[in-house]
Amino acid sequence: MTDKGLERSDERGHGPGPWWVGLGTWGAVALIVFGALAAVWVSLRLPGTPEELATGYYGAAKVVAIGLVIVGSALLGRRRAQAAATEETTEADHA
């Protein structure tokens, strides 16, 4: 079997990706705050709280976790970029 006439691309045919992809650092901080507020909302049993409190806490914890992962990734990226820049300047000084 040959691949004549078949178009190949690097795209795997997946959808646009998760909703949190383009948030950035400040968006992630907002997610963390929003998740904490949602947990407080559930604990006070304000209107809109699910009957099963564990469900509300679970949803709030997911939002906080996504925010923490995004913030952690951003901080690691900055740290690696700073380390690479420092390494480049050190190599330039020794050359």
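No value in this document is a laboratory result; all are computed from the given coordinates. Quantities reported herein were computed from a predicted structural model and do not represent experimental measurements.
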For the range 15-36 and the range 50-95, distance of Cα centres in Å: 12
Per-residue HN-Hα couplings for the range 48-58 [Karplus 6.51, -1.76, 1.60; θ = phi - 60°; Hz; x = Gly/Pro]: x, 6, x, 5, 8, 4, 4, 5, x, 5, 4
